[in-house]
Protein chains: 2
Amino acid sequence: MADLSTCPPLSRESVIEARARIVAHVHVTPLLTAQSIDSIASVPQSEEALKGTQWEGLPPANPRIHFFFKCENLQRIGAFKARGGFNSLLRYQQETLKDAEASKDWKERGVVTHSSGNHAQAVALAARDLGIKARIVMPLVSMPNKIAAAEAYGAELVFSGYTLQEREAAVSDIVEKTGARFVPPFNHPDVLLGQGTLGLELQEQARSILDQTPEAGRLHAVILPCGGGGLLSGVATSCIGTGIKVFGAEPSYQGADDCRRGLAAGKRIDRVRSLTIADGLRTSVGEIPWSVISDRTKVAGVYAVTDEQIKKALRIVLERLKVVVEPSSAVPLAVALFNEDFRTMVEREASGGVFNLAVVFSGGNINLDAIGDLVREES
Amino acid sequence: MADLSTCPPLSRESVIEARARIVAHVHVTPLLTAQSIDSIASVPQSEEALKGTQWEGLPPANPRIHFFFKCENLQRIGAFKARGGFNSLLRYQQETLKDAEASKDWKERGVVTHSSGNHAQAVALAARDLGIKARIVMPLVSMPNKIAAAEAYGAELVFSGYTLQEREAAVSDIVEKTGARFVPPFNHPDVLLGQGTLGLELQEQARSILDQTPEAGRLHAVILPCGGGGLLSGVATSCIGTGIKVFGAEPSYQGADDCRRGLAAGKRIDRVRSLTIADGLRTSVGEIPWSVISDRTKVAGVYAVTDEQIKKALRIVLERLKVVVEPSSAVPLAVALFNEDFRTMVEREASGGVFNLAVVFSGGNINLDAIGDLVREES
């Protein structure tokens, strides 16, 4: 793992530097708009929809929202994780090449990580692009498609254990024996600053769209999914000093809203066990992301939604926006459509005007055979 | 219908004019790349895959293809038809406003068309944006979701007949009674030139991507779905004089490859009855599109694929590119992956190098509940 003392500070400037570092390796992903989804969000929820929720019987909020959808599902490997992966490996390369001794066999020593998901693919891809060796520690029970994806990028797979602790031990073992560099999935400045680069892109893209209609004003806020917190804290860092508010979105199922609960309690929750359909968000927030997220000047709030609401939002994205997203990606839109606390806040913030809100789709790696079941309309 | 004698010629310049006309009303859709799909296309098909086809026993082609995917599924109304719709209505507006008498009640007279698909939505949307009345003649057996989509844009729906002839008669009737302007779905220069605007966009977008790696060369060709032929002929018109070759792609099921067969026979085929899954391509090519497509200097060839091959390509688009496309959109990619005549030609054209090929996704209006069945992998 890159020594924390050598890492750049968690500032907007560091995100700008990270962007210059990775720009040749990642896609500039599109920022889409969709009047039909704006219309859905810009009418009050029905009394029926609020029945059985904490907002039953209260007058529904009536915000006007103009969405900007940042499509990191169209990023390389199908997820924003490519950014953090490349930033980590390129920083490793820069550091190593300064040192004649270290640079001798660094490609062979390479990198190691543990993940069964998008981070594994991100590290494997970045290692392949840079021509260095990657070892990925995967759970013994990994899905065949995840295994195939990491193998396709030429990574060496090590199957180990059922628990995170076992996999972390396997990583330590590899680091010790081979001298490989550990690339953590989210709890590290290199990763956080890499993910933050999408924030800079979306600020520029929203600006260029909004400039076409002067009365449209500026981008007011961005809302992102929060799992380990690398994405949320990275983009929040990219927004420092811009006046753009940053919000997090989580599934509430089986307590997966650890970040929201932690903020309420004033203390990070370090353990979550949830089987929410938003499977990218089953993790608890890491310490370094938490240092950013718990700063109210950087992240203005975190909101949660049910798995049913996530499914509804997922259907709207597939049907109206025509992009494939994984359930985790649909969580922020679900908040904007269904969470009355969020919608009331938006109505108040915009004071009668339109609220320009960027929604980040984190990834699109979904099992196609499951899409039908996920989005089936209740009869 | 706009008098043909007043229409601009079918030239690249006319496409450029059309683009200036519609630019404020349509999205610039993204042009995506995907190394993983390039890799799939850039290995020879297996002997197994060619078994039972006309290429059985022949050595498979070995082209190297770099794809550029033009995402008109992300266009307004989810399909390229928005372009032709806006161009037709804006031309109508320009013409009418020149004439004091005609301009008096033109908004109320409005436009009429017959369609149960994307063209209906395109005309309804353009009419709403321009504040004029739209009447849509739909088959008596239209799908509820198509009806809802056209109604959502405020169009007046007229249900009439089971055959195209009955619906055309209903349109004539409305034109006579109300003075509405008929907007044909594809067999008209205004429509053709409107669709062609996406060709200009993709030329610029491909250029800007290819310029980043000087050794990558230029865009060699574009391949598009061919139903009524408005898209294919429009984009071919946008490519005149650029050196970019243009190809058409059709489903072969039940003779839906009328354009390919017509070219072989030297005569347009004006009747098709096919239930191919590529439901946007069940039409035969119109006369005006045919005048462009049958010119070998404008369209270099048309190729066909089976419905099974279309399903395979559809799965690859959803899984690797993470965008939702309708089956018709997957037909050009299916040709590039599975049609050995096309692949042999590409290998020859590129003479050992990489062939830069743009693939146009025409639309993304698919019934979500059917996606699971469409893309299920054969066991």
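What lysines sit close enough to residue A:267 to cross-link, taking a C-alpha to C-alpha distance under 19 Å and skipping anything fewer than 8 places away on the same chain?
Output for residue A:267: A:298.
Taking beta carbons within 10 Å but only from partner chains, what does the mean come to for residues A:3-9?
Values: counts 0, 0, 0, 0, 0, 0, 0.
Whole-number average of other-chain Cβ neighbours for A:3-9 is 0.
Can you pull out the chymotrypsin sites (Phe, Trp or Tyr not before Pro) in the stretch A:159-205 that DSSP calls coil and that have at most 13 other Cβ atoms within 10 Å?
Details: sites: A:159, A:162, A:182, A:186; in loops: A:162, A:186.
The qualifying sites are A:162.
Would you mind checking the pairs A:311/B:81; A:312/B:133; A:70/B:107; A:311/B:322; A:312/B:70; A:104/A:146 and listing those with alpha carbons more than 26 angstrom apart? Provide the component values of the computation, followed by the final result.
On the way: A:311/B:81 29 Å; A:312/B:133 33 Å; A:70/B:107 37 Å; A:311/B:322 17 Å; A:312/B:70 28 Å; A:104/A:146 32 Å.
Pairs exceeding the cut-off: A:311/B:81; A:312/B:133; A:70/B:107; A:312/B:70; A:104/A:146.
Counting only residues 5 or more places away or on other chains, whose amide H sits under 5 Å from the amide H of residue B:303 once H atoms are built in the peptide plane?
Hits under the 5 Å cutoff: B:248, B:249, B:250.
Kindly give the distances from residue B:152 to its copy-mates, label point to label point, with each label point 7 Å from Cα along Cα→Cβ, as nm values to one decimal ordered shortest first.
Going from nearest to farthest copy, the values are 3.2 nm.
When DSSP assigns beta bridges and you keep just the ones with both residues in the protein assembly as shown, what percent turn out antiparallel, to the nearest 5? Walk me through the intermediate numbers first.
Details: 7 of 68 bridges.
Roughly 10 percent of the beta bridges in the protein assembly as shown run antiparallel, per DSSP.
Name the long-range amide H neighbours of residue A:66: under 5 Å, sequence gap of 5 or more, or other chain; modelled H, no Pro or chain starts.
So residue A:66 has HN proximity to A:355, A:356, A:357.
On a 0 to 90 degree scale, rounded to 10, what angle separates helix B:81-97 from the longest Cα axis of chain B?
30 degrees
Would you kindly give the portion of the calculated P(r) for the protein assembly as shown that falls above 37 Å, as a percent of all Cα pairs?
Cα-Cα pairs of the protein assembly as shown separated by over 37 Å account for 43 percent.
Starting with the fewest neighbours, write out B:58, A:224 ranked by other beta-carbon atoms found within 10 Å of each beta-carbon. The partial results should precede the final answer.
Values: B:58 12, A:224 31.
The most exposed by this proxy come first: B:58, A:224.
Angle check, please: helix B:118-130 long axis (alpha carbons) against the longest principal axis of chain B (alpha carbons), in degrees 0 to 90, nearest 10.
For helix B:118-130, the angle is close to 50 degrees.
Pick out which of B:234, B:110, B:199 has the largest mean-square fluctuation in a Gaussian network model of chain B, springs linking Cα atoms closer than 10 Å.
Largest GNM mean-square fluctuation: B:110.
Tell me, what is the percent relative contact order of chain A, built from C-alpha pairs under 8 Å that lie six or more residues apart? Intermediate results must be reported in sequence, preceding the final value.
Working: 765 pairs, mean separation 78.2, N = 379.
Once normalised by length, the contact order is 21 percent.
Using a 10 angstrom cutoff on alpha carbons, build the Gaussian network for chain B and name the most mobile of B:135, B:64, B:348.
Its mean-square fluctuation being the largest, the pick is B:348.
Between residue B:16 and residue B:296, what FRET efficiency follows from the Cβ-Cβ distance if R0 is 22 Å, with the result rounded to 0.05?
On the way: r = 24 Å, r/R0 = 1.08.
Once the sixth-power term is evaluated, E becomes 0.40.
Through the Karplus equation 6.51 cos²θ - 1.76 cosθ + 1.60, θ set to phi - 60°, convert the phi angles of the stretch A:40-54 into ³J(HN,Hα) values in whole Hz; use x for Gly and Pro.
Here the 3J(HN,Hα) series is 4, 6, 9, 10, x, 5, 6, 4, 3, 5, 8, 4, x, 9, 5 Hz.
Suppose we consider the axis relating copy B to copy A; can you name the residue of B with the nearest Cβ and state that distance in angstrom as an integer?
Spelled out as residue then distance in Å, it is B:372, 1.
Normalised by the residues of the stretch B:36-191, what does the relative contact order come to in percent, with Cα pairs under 8 Å and at least six apart?
Working: 219 pairs, mean separation 32.6, N = 156.
After rounding, I find 21 percent.
Round to the nearest 0.05 the FRET efficiency obtained for residue B:172 and residue B:349 when R0 = 56 Å and r is the Cβ-Cβ distance.
Details: r = 46 Å, r/R0 = 0.83.
Using R0 = 56 Å, I get an efficiency of 0.75.
Mind listing the phi-derived Karplus ³J(HN,Hα) values for the stretch A:264-271, rounded to whole Hz, using 6.51, -1.76 and 1.60 with θ = phi - 60°, and x for any glycine or proline?
Calculated HN-Hα couplings, in order: 5, 8, x, 7, 4, 9, 9, 8 Hz.
Between residue B:164 and the same site in the other copies, what are the distances in nm, shortest first, taking label points 7 Å from Cα along the C-beta direction?
So the distances to the same position in the other copies read 6.1 nm.
What list do you get for A:287, B:72, A:349, B:347 if you sort them by fewest beta carbons within 10 Å?
So the ranking, lowest neighbour count to highest, is A:287, A:349, B:347, B:72.
Mind listing the label-point distances from residue A:36 to the same position on all other copies, shortest first, one decimal in nm, points 7 Å along Cα→Cβ?
2.6
Helix B:12-22: angle to the longest alpha-carbon principal axis of chain B, degrees 0 to 90, nearest 10?
In chain B, helix B:12-22 runs at an angle near 60 degrees to the longest axis.
For the stretch A:273-343 and the stretch B:1-69, write down the distance between their C-alpha centroids in whole Å.
Their Cα centres are 36 Å away from one another.
Laboratory data are not the source of any read-out in this text; all were calculated from the coordinates shown. Not measured: the values here are computed from a predicted model. Please note: Cβ atoms are built from the backbone with ideal geometry, for glycine as well, and neighbour counts cover all protein chains shown.
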